[in-house]
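Just below is one structure, and these are the notes that go with it.
The values are calculated or read from the model by the stated rules, or taken from the named source; none is laboratory data. Because the structure is a prediction, the values reported are computed rather than measured. Cβ placement follows ideal geometry from the backbone for every residue including glycine, while neighbour counts extend to all protein chains displayed.
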Amino acid sequence: MKLIVHATDGSTEAAAALEMAIELARDAGAKLAVVAVHTIPPGGKGLAPAVTEVEHQHGAEHVAEAATATARAAGLEAQSYVSAGDPAKEIARLANELKADLIVVGSRGFGAVHGALVGSVSRALMTRSSVPVTVVTTRGARQPVGA
């Protein structure tokens, strides 16, 4: 493995995925590419308040640079990338362009119904990417009914 792409939106879940990406890159001797995608809030620019940092004007740059600095502090060779548009499409495009071996993303664990309604980047990425995707979640394992 030579290159791992870590996609971040600055969330707690993305931070957990960054820890995993750093660990995997360190173990494999791989480089890390950190990508943040500037997204426009539903309803269009200026019509709805920004919910995540990547929705702010320079938020994606800040988020990517912060994660890259964390990776470098861990001793990795890391580069940040910023894009704009649909996160899953942009992450998949960059991973292909860079010839990445793996994409590591976080998941808020919304589940199928909520994810379908509000959009799940990790779910969309798994269906769109030709590069393998590792999804890191901070939620505990689901318990069977009656357990």
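Quick one: is A74 more than 17 Å from the chain's Cα centre (by Cα), small (G, A, S) and modelled with pLDDT under 90? In short, no. Taking the criterion of being buried (at least 18 other Cβ atoms within 10 Å of the Cβ) and modelled with pLDDT of 90 or more, would at least one residue in region 38-49 satisfy it? No, the conditions are met nowhere in region 38-49. Taking region 1-14, which residues are farther than 19 Å from L94 by Cβ and either surrounded by fewer than 17 Cβ atoms within 10 Å (Cβ to Cβ) or at pLDDT 95 or above (or both)? T12, the sole residue that qualifies. Restricted to region 50-71, and to residues there that are at pLDDT 95 or above and among the β-branched types (V, I, T), the residue that is surrounded by the most Cβ atoms within 10 Å (Cβ to Cβ) is T68. Candidates are the residues of region 103-128 that are touching a strand residue (DSSP E or B) at 6+ places or on another chain (Cβ under 6 Å) and buried (at least 20 other Cβ atoms within 10 Å of the Cβ); the one that is modelled with the lowest pLDDT is S107.
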